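Encoded as structure tokens, the structure appears first; notes follow it.
The values are calculated or read from the model by the stated rules, or taken from the named source; none is laboratory data. The structure displayed is predicted, hence computed values, not measured ones. With ideal geometry, Cβ positions are generated from the backbone for all residues, glycine too; neighbour counts draw on all protein chains shown. Side chains included, ligands, DNA and RNA excluded: accessible areas come from the protein's heavy atoms. Shrake-Rupley method; radii C 1.70, N 1.55, O 1.52, S 1.80 Å.
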Amino acid sequence: QVQLVESGGGLVQAGGSLRLSCSASGSRFSINRMGWYRQAPGKQRELVAGITSGGNTNYADPVKGRFTISRDNAKNTMYLQMNSLKPEDTAVYYCNCVVVLVSYWGQGTQVTVSS
């Protein structure tokens, strides 16, 4: 059973920055792909960014150039540096990983960007 714990959310003004962290534990297998998703009120959960154990990354168009995903494989920790935040970035941000075809989710962390 894999446990994912997010931290780092909060309230920030537009133009500000936040750094999210996701710590993974309990996996008997190496975790290849991890990702950040977000869900705004009344909207579907969407991919924000993903990263493989080899460091390959992909980003959703709305966050390209503003967000940076990274991970420390030795610590089983993933990060999301969010700069130039906009009110439309307001959402609950979830950490995700897939291990042996099973998808795991964290509990989510709220990010609120005020205008």
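Collect residues whose amide H, placed 1.01 Å from N in the peptide plane, falls under 5 Å from the amide H of K86; neighbours closer than 5 in sequence don't count.
G15
Find which of S53, L80, A40 sits farthest along the positive direction of the dipole of the chain, computed with +1 on the beta-carbon of Lys and Arg, -1 on that of Asp and Glu, about the Cα centre.
Projecting each Cα onto the dipole axis, the largest value belongs to S53.
Given H placed on each backbone N at 1.01 Å, which residues far from R71 in sequence or on other chains put an amide H within less than 5 Å of it?
Distant-sequence amide H within range of R71: Y79.
Determine, from the Cβ-Cβ distance of S17 and V102 and an R0 of 35 Å, the FRET efficiency 1/(1 + (r/R0)^6), rounded to the nearest 0.05.
0.60
Can you pull the one-decimal nm distance between simple spin-label points at R28 and D61, each 7 Å off the Cα toward Cβ?
A separation of 4.3 nm, rounded to one decimal place.
Residues with amide H under 5 Å of S27's amide H, sequence separation 5 or more or different chain, H placed in the peptide plane at 1.01 Å from N; which?
Under 5 Å from the amide H of S27 lie the amide H atoms of Q3, each far enough along the sequence or on another chain.
Tell me, what is the per residue accessible area of the chain in Å², probe radius 1.4 Å?
Ligands and nucleic acids excluded, the figure is 54 Å² per residue.
Hey, got the dipole for the chain? About the Cα centre, +1 on K and R Cβ, -1 on D and E Cβ, debye to the nearest 20?
Charge dipole, the chain, about its Cα centre: 140 debye, nearest 20.
Looking only at segment 16-44, which residues have a backbone nitrogen under 20 Å from a spot 7 Å from the Cα of S7 in the C-beta direction?
Flagged as within label range: 17-27, 35-37.
Full extension from S114 to Q81: what is 0.36 nm times the residue separation minus their Cα-Cα distance, to one decimal in nm?
10.1 nm
Between K43 and D72, how high is the FRET efficiency from 1/(1 + (r/R0)^6) when r is the Cβ-Cβ distance and R₀ = 22 Å? Nearest 0.05.
0.10
Compute for segment 74-115: radius of gyration divided by Kirkwood radius, i.e. Rg/Rh, restricted to C-alpha atoms, rounded to two decimals.
Result: Rg/Rh = 1.07.
Quick one: pull the percent of accessible area on segment 16-87 belonging to carbon and sulfur, 1.4 Å probe, ligands and nucleic acids left out.
Whole-percent figure for carbon plus sulfur exposure: 44.
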